[in-house]
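Read the structure below first, then the notes.
The values are calculated or read from the model by the stated rules, or taken from the named source; none is laboratory data. Please read all numbers here as calculations on a predicted model, not as lab measurements. Cβ atoms come from the backbone with ideal geometry, glycine included; neighbour counts cover every protein chain shown. Note: accessible area is taken over every heavy atom of the protein model, side chains too, but ligands, DNA and RNA are not part of it. Shrake-Rupley method; radii C 1.70, N 1.55, O 1.52, S 1.80 Å.
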Amino acid sequence: MATRQLHFDGSGVPDGEGVVATRLGWLLDPGDVHFALATDGTGATDFHRGGWNSWSPTGWAPLDESPLRIWGDDERRLTADDAANDTPDRHEGNGFGALRLADGRVLLLGALGLGTPRVGGAAHSLWATVETDDGDGWFLGVGPEAAVFARYAELLRDRLGTPSAPPVSTLWCSWYSSFEDIDEGLIADATAGLGDLPVDVVQIDDGWEEIVGDWVPNDRFPSGMAATAATVAARGSRPGLWLAPLICLPGSRTAAEHPDWLVQDPGGGPLVAGYNWDSHYFALDTTHPEVQAHLDAVVRTVVGWGFRYLKLDFLYAGALPGVRHRDVPRERAYREALQRIRTAAGPDVYLLGCGAPMLPSVGVLDGVRVGPDTASDWAPPGSVADPSHEGGRNGATASLARLWMHELYQVDPDVAYFRSIETTMSPEQRQVGVDLAIVAGFRSTSDPVAWLDAGEQAALRRFLTGEPVVEPAGPDRYVIDGRTVDFGPVVREARVGREHLTEERDQRAR
């Protein structure tokens, strides 16, 4: 299909075939499109990049600086962005993109469906392409930033649906305190240590399973996972469990016994889907009937154990390009797998996606991680060249750029830190995470109460029990119970060092 060439004159686009006016913009027919901007001659100044999955670089960047992307790390790019469509030479992202015009307005072009859409921008142009014709066209919106993004969310919700499970108010998870070094005694002690704190969900993270891909408890949980779920439920919390249902490690029985279950590389052999756990890992072919039966069984089993909150990690692997049993567009294969998981879990089990493709998850997932992993460090080495790198600053800036998505599902900016031990973050840096969680409406922590002094315990209690009133007060600014919170300095700090990166020079910024 040929690319349609259209013009935006600063106030609108010409009426014509495939262009229909709507509130705050226009609806465009599916297919590739290119807009020439005939404004006042000064051109756009900044581009807002939509990241493909939870961890992908996301947010505003000046057009005269380096594109917002992962620089100098091919393995990380495979895991944390749409590596198949990486564009180091121009500002471009996935799903949607927006330009900040010279008069302060925003011009947004966003996909209204699937098809692995890409949107890019320059000072005098805005363009969009699709990998496959599997979408529902585009929304071109213009106006104040908040209003345009809210209208885009409304249109996506109308087409893709809304979540079904009861929302999460507060959550405690094991990851950032114990990582994979967990056992049933530790979980029981941490759960008891919460005392009377109102924690809606207590979630067990990675470390309970024999190996990624084989979802049975290891010998550190000798009583079985149903017993641990019962321990959590006994305090009145929803039991939560971590799974990575669409991947498997090479050493898993799943990979060894069922090589035909794996997405294949067009060049031969199983597709390498990413890197973690000191290894590469594979993607399950969710179009294969036996994999579908396997997914059904895994999800029904963990729900049968009593878990009512599932953190589904590394989901992007289900949407990577590769050879599948059934030839369907890759984002379609992913969404169908999610819908299968939803059916197996039931409508009331909360599904949180992590490493999840953002747009194809709308209407199926109840919540989505909206930034890279936080960490006990603010800006670890590597944070500048790689905006997807773990760290408090990277996690905060990406999550801020996606707060508009709260109309689509709950937005999870990752945990807030209250502890002053086992962290290098200053009190001010920790407060950024606390305030962001309050603004996002998803309040979680990984701090064991036993690690906190009296003042920190009191702060945690206020965090979990409070019902703050949050009001937007401008770009990256909010008022929380009358207190003005300005995240702008954090966003600007994150841009320092990213102005002129190249693949050759990125190591200086790492």
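Provide the convex hull volume over Cα atoms per residue for the range 77-141, in Å³.
Given the Cα convex hull of the range 77-141, per-residue volume reads 90 Å³.
Answer with one residue from A150, P245, L171: the one whose Cα lies farthest towards the positive end of the charge dipole of the range 95-254, charges on Cβ with Lys, Arg +1 and Asp, Glu -1.
A150
The range 338-439: which chymotrypsin sites (Phe, Trp or Tyr not before Pro) are DSSP loop and have at most 16 other beta-carbon atoms within 10 angstrom?
Hits after loop and neighbour filter: nothing returned.
Starting at 0 and stepping by 20 Å, how many percent of the alpha carbon pairs of the chain end up in each bin?
Once binned at 20 Å, the Cα pair distances of the chain give 23, 57, 19, 0.
Per residue, how much accessible area does the chain show when a 1.4 Å probe rolls over the protein heavy atoms, in square angstrom?
Normalised by residue count, the accessible surface of the chain is 37 Å².
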